[in-house]
Structures are given as structure tokens and as C-alpha cells.
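One structure is given here, and the rest of the page talks about it.
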Amino acid sequence: MEAKPCINSLTVKNSHVLPPDTNSHGTLFGGKLMAYIDDVAAIAATRHARMPVVTASTDSVDFLNPVKEGNTICLEAYVTYTHRTSMEIFVKAITENLLTGEREVCTTAFLTMVALDDDGKPQEVPPVYPESEEEKWLHNGAAERAEYRRKRREDSKELAERFGADFPWDPTTNQKA
């Protein structure tokens, strides 16, 4: 497969933050922002792979600055690294006060997406290569982040096995099972 530059997958999404999108503090719901992040990352990954994709993981999402009602939220995403069937996507979210022009990064995140064929099986994706200094910096750190995700996934599996799918109490009596 022919390699593609990171910039080919660049996806930008803008949205006005309206009252139904906000919590009692007048700021964007964290879950709404996370949904925007997942959506823009999926578009970037699909644009790179030209195949359907699913989210395999989302790295931590730290809310650095609030996104206030009436502001806009602008998300930028692109593929920074690929493995055989997976892609790392970097997402940056910026809030802007349209009246003053003040802009702040409200969060950054890395997501891992996997390309799928028509039967839902992982499919090989084209390699990606960085061109800008920022893309090179992100690309150079990708292997270390991938190793961290692999370890985190092992820990998650251990937690799932240890705690299982059963409730720790009987919901009909509200007592320990």
C-alpha cells in the first residue's frame, strides 16, 4: 500500500455551543465534547483508510479550559501513526469566544481506530508519514504511546476478569449477593 501524508486525513469540525449542550455551569457537557472528539477522529481515520472504522481506544481526555455556552468549539484531527490495521489519531479541541476572538485549547486526545472490511474483520491500512515539525513530533512519540496503550489494555482486561459482569449486590433486595 502506498503511504499517505498525515495532512491528507485532516478533518476540521466547528460547532456552536447552545444551551442544550451545556451543564448547570453553562459549559459544554464533557460527554458531548468526547462525542465530538470520537466523531472527528473517525472521519479522519476513514479518510485515511477509505474503509469503515471503529474506535479501539481513547487516551485520557483532560479538560484544560471550559467551553462556554455561546462559544464555538473547533476540533482538528488527523492520523499521526499507523500499525497494520490500526491508526493513531490526534485531536485538538479549541474553544473560541466569537465576540472577542479569544481562543483556548480546551483539550487534546489520541484515539486508536481500527479499519474493518465488510464482514467486520480488521483490514490493513496504508502507512502514514509526517511532513510538518508538529506531525514529526507526534509521529516520533507514537510507538511509546502504543506500548502504553497495550499495557493499559492488559490492565483493563485483568480488571474485567477480576470483577466480572455480575452485580456485587442483588438489585432486587439491595443486599450483597
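Values in this text are rule-based calculations from the coordinates and carry no lab data. This one's a predicted model, so the numbers in the text were calculated from it and none came from an experiment.
Residue by residue, region 164-175 carries 3J(HN,Hα) couplings of x, 9, 7, 6, x, 9, 8, x, 6, 10, 6, 10 Hz when phi is fed to the Karplus relation 6.51 cos²θ - 1.76 cosθ + 1.60 (θ = phi - 60°); x denotes Gly or Pro.
Per the Cα gyration tensor, the chain maps to an equivalent ellipsoid with semi-axes of 29, 27, 14 Å, ordered largest to smallest. Sequentially through region 102-108, phi angles give Karplus couplings (6.51, -1.76, 1.60; θ = phi - 60°) of 5, 10, 9, 6, 9, 6, 10 Hz, Gly and Pro residues having no value and appearing as x. Distant-in-sequence amide contacts of H83, defined by a placed amide H-H separation under 5 Å and a gap of 5 or more residues or a different chain, comprise E88. In this structure the amide hydrogen of K4, modeled in the peptide plane, comes within under 5 Å of the amide hydrogens of V128, Y129, none closer than 5 places in sequence on its chain.
For the chain, the 222 nm mean residue ellipticity estimated from helices alone, with every DSSP H stretch of n ≥ 4 adding -39500 (n - 2.57) and the total spread over all residues, rounds to -9500 deg cm²/dmol.
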